[in-house]
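In what follows, a structure is listed as structure tokens, so that the remarks can point back to it.
The values are calculated or read from the model by the stated rules, or taken from the named source; none is laboratory data. Bear in mind that the values here come from a model prediction, so they are computed numbers and not experimental data. Every residue, glycine as well, gets a Cβ built from its backbone with ideal geometry; the counts of neighbours run over all protein chains shown.
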Amino acid sequence: MLPKKQQKFEHSRYSEVVNTNTFQQLMSEKKRFILPMTVFFLLFYFSLPILTAYTDVLNQNAVGDITWAWIFAFAQFIMTWALCMIYTKRAKRFDELAEKVIADMDKEASS
């Protein structure tokens, strides 16, 4: 069941909503954030298995007996948490824009 705010709206209104400036802004901001972050994540994530399988770059000792492969693997955990925190912070802006889209729809539905 849809939230109470959205129960008034028909599926035929989707085209109207998609064409509003607020919705376009929301989708544009999401794309500008999510696309580069996804590319960065995938490159960073897959570089470890590729570098360890096909090169000896990460097999060099970094500190004592700890190789760069272990440091890189640990960095992936840090990167994952960092991206999660960055997304959580940015999602607040996305939520604000989504609420504005819903508020605009409410105004139109009540008039």
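For the reader, a short list of remarks on this structure follows.
- For the stretch 53-67, filtered to residues that are touching a Leu at 6+ places or on another chain (Cβ under 8 Å) and of a type in the set (A, V, I, L, M, F, W, C), the residue that is surrounded by the most Cβ atoms within 10 Å (Cβ to Cβ) is Leu58.
- Boolean, Val39 is surrounded by fewer than 13 Cβ atoms within 10 Å (Cβ to Cβ) and at pLDDT 95 or above: yes
- Scan the stretch 68-98 for residues that are exposed (fewer than 13 other Cβ atoms within 10 Å of the Cβ) and within 16 Å of Asn21 (Cα to Cα) and the total you get is 2.
- Among residues of the stretch 1-30, those that are at pLDDT below 85 and either within 17 Å of the chain's Cα centre (by Cα) or aliphatic (A, V, I, L, M) (or both), counted: 3
- Selection status of Phe72, in contact with a Leu (Cβ under 6 Å, 6 or more places away or on another chain), at negative phi and in a helix (DSSP H, G or I): yes
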